[in-house]
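First up is the structure itself, then whatever we jot down about it.
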Amino acid sequence: MGDSNYSQQLLDHQETLPTTKAASASQNHKKLSIIPFIFLIYFEVSGGAYGAEAAVGAAGPLCSILGFLIFPFLWSIPEALITAELATTFPGNGGYVIWAHQAFGPFWGSLIGSWKFLSGVINLASCSVLCIEYIKFVLPLFSCGASRYFAVVSLALVLSFLNYTGLVVVGYTAILLGIFSLVPFILLALVSIPNIDPSRWISLNEDRVKTDWSLFFNTLFWNLNFWDNASSLAGEVDRPQKTFPKALFSAGLLTCLAYLVPLLAATGAIPLKQENWVNGYFADVAQIIAGKWLMIFLEIGAVLSSIGFYEAQLTSCAYQLLGMADLGVLPQCFSVRSKWFNTPWLGILVSTLITVAVSSMNFADLISSINFLYSLAMLLEFASFLWLRRKLPMMERPFRVPLELPGLIMMCLIPSGFLVYIMSLANGTVLLVSSVVSALTILWYFMTNHFCKSNMWNHFNNVGPKLMDQDLD
């Protein structure tokens, strides 16, 4: 049948799509309003300039400032626009799993779900590790060894329990954490003004310091991605068709300022010593410029930022598993909510256990693994977006990227090229982790679809007619 007939058929059957199950299941509990949602997106993407120091150490002040100024236009804005269109068109907790499922079928939905989920839980581990990187300046006991690992694991367990207490609680907690984690950087910017020398902003590398482009681009990418994670909460947001575009725009503006203002202040106020620019160095900058009081304040802000970052990321991971269960990709037990807090407790538990398991990896390998898995998933997400636009041109889209298909292809081309470049930087450990994850995902899909379901060994949701399996010709 023709494309227009197929589009109309999907519209006629829209209420049977799996995106509606999560939305209908969440009607009886309080949903997120726009302000908590903005701060959840902000923490899913950023949480502040904590962790951006490595960019200066890798490529100098000028490249870092330009990177955090230009990269959002090349990467963050296209990703946020795609998220706004698809999340408002398919407002369910599965997010990108639903998009790939609708575009190419359940296998690809399962694959993107696994890639995004694993990148998310590894990101949780990096969050705990980054938090301890700041705490160790005050408590050197946690610098290395068993005490460091114990601190990382304990932090993960405590924050996971907080997440279990409810999404609305997490949302309003994110507002408070966001405000208190930003205040130290605002103070740093203000006290830096008398010491700022603008000529320092155009400095390249110091003499005899080689640019580490791999570290630089991995740092940029890690600090400015995960915009689409918000889509896994579409079923929990009040009026998602209106809320999503506004929240994404507001969080984007907040994120850009949260990076640029501290970078401009710190690099402009003190002479460049690149070897010092590693994770946690903003605390040293605060002490040099204002004294120990601001260093301690900034370290407290780093801990609060890490808490907000962890809570937002864990929320997305847990609700993604819930959405995948609604789609029938995972067993129905993953869609069961807590009787006390209405949260997907099994998703929270599984995410936490995997986070604890990978917390022993070093920070650089964590970031590279996150970026590689996320890049694979984003390439599939871009393809899903373009394919849905081509095959379903008549489908109602509450928010629509104001470009036709050729323009959309161009919009996705530059980010896709960057994704391929990021993947080319992966080392052997990252390639091994990604290969194992992909192989296990494929094995899981065929095992559940062709063995477990047929033998009724576990209960999977029946999501109704699979319209995407119909002939498109």
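Output yes when any residue across the stretch 96-113 is at pLDDT below 85 and part of a loop (DSSP other than H, G, I, E, B), and no when none is.
no
Name every residue in the stretch 432-447 that is touching a residue at least 12 places away in the same chain (Cβ under 8 Å) and open to solvent by less than 80 Å² (accessible area, probe 1.4 Å), in order of residue number.
The answer is Val433, Ser434, Val437, Ser438, Thr441, Ile442, Tyr445.
Kindly list, by first and then second residue, each pair from a residue in the stretch 227-255 that is on the phi > 0 side of the Ramachandran plot to a residue that is modelled with pLDDT under 80 and not in a helix (DSSP H, G or I), limited to pairs with Cβ atoms under 9 Å and residues at least 6 apart or on different chains.
That search, which allows pairs on different chains as well, returns Arg239/Lys31.
With the condition being modelled with pLDDT of 50 or more and buried (at least 18 other Cβ atoms within 10 Å of the Cβ), I'd like the helices (runs of 4 or more DSSP H) fully within the stretch 3-60 carrying at least 1 qualifying residues.
So the answer is 34-45.
Taking into account only those residues within the stretch 214-273 that are β-branched (Val, Ile, Thr), surrounded by 23 or more Cβ atoms within 10 Å (Cβ to Cβ) and over 14 Å from Cys63 (Cα atoms), which is farthest from the chain's Cα centre (by Cα)?
Ranking the qualifying residues of the stretch 214-273, first place goes to Val237.
Residues being under 21 Å from Val237 (Cβ atoms) and out of contact with any Gly (no Cβ under 6 Å at 6 or more places or on another chain): count how many of those fall in the stretch 317-333.
4
Can you tell me which residue is farthest from the chain's Cα centre (by Cα) among those in the stretch 274-283 that are within 17 Å of Pro184 (Cβ to Cβ) and part of a loop (DSSP other than H, G, I, E, B)?
Going through the qualifying residues, I end up with Gly280.
Could you tell me whether Ser368 is polar (S, T, N, Q), in a helix (DSSP H, G or I), farther than 18 Å from Gly113 by Cβ and out of contact with any Lys or Arg (no Cβ under 6 Å at 6 or more places or on another chain)?
Criteria met by Ser368.
For the stretch 322-338, does any single residue satisfy the condition of being under 30 Å from Leu139 (Cα atoms) and among the aliphatic types (A, V, I, L, M)?
no
Filter the stretch 136-167 down to the residues that are open to solvent by 40 Å² or more (accessible area, probe 1.4 Å) and of a type in the set (Val, Ile, Thr), then identify the one that is nearest to the chain's Cα centre (by Cα).
Val158
Looking for something open to solvent by 10 Å² or more (accessible area, probe 1.4 Å), assigned to a helix (DSSP H, G or I), farther than 27 Å from Pro36 by Cβ and not charged (D, E, K, R) - is there at least one such residue anywhere in the stretch 115-134?
Checking the stretch 115-134: at least one residue is open to solvent by 10 Å² or more (accessible area, probe 1.4 Å), assigned to a helix (DSSP H, G or I), farther than 27 Å from Pro36 by Cβ and not charged (D, E, K, R).
Looking for something in a helix (DSSP H, G or I) and surrounded by 20 or more Cβ atoms within 10 Å (Cβ to Cβ) - is there at least one such residue anywhere in the stretch 200-213?
no
How many residues does the stretch 307-358 contain that are under 25 Å from Val433 (Cα atoms), crowded, with 24+ Cβ neighbours inside 10 Å and of a type in the set (Gly, Ala, Ser)?
Residues that pass the stated criteria total 7.
The values are calculated or read from the model by the stated rules, or taken from the named source; none is laboratory data. Owing to the predicted nature of the structure, the values given are computational and were not obtained by experimental measurement. Glycine also receives a Cβ, built like all others from the backbone with ideal geometry; neighbour counts cover every protein chain displayed. Ligands, DNA and RNA are excluded from the accessible area calculation, which covers all protein heavy atoms including side chains. Shrake-Rupley method; radii C 1.70, N 1.55, O 1.52, S 1.80 Å.
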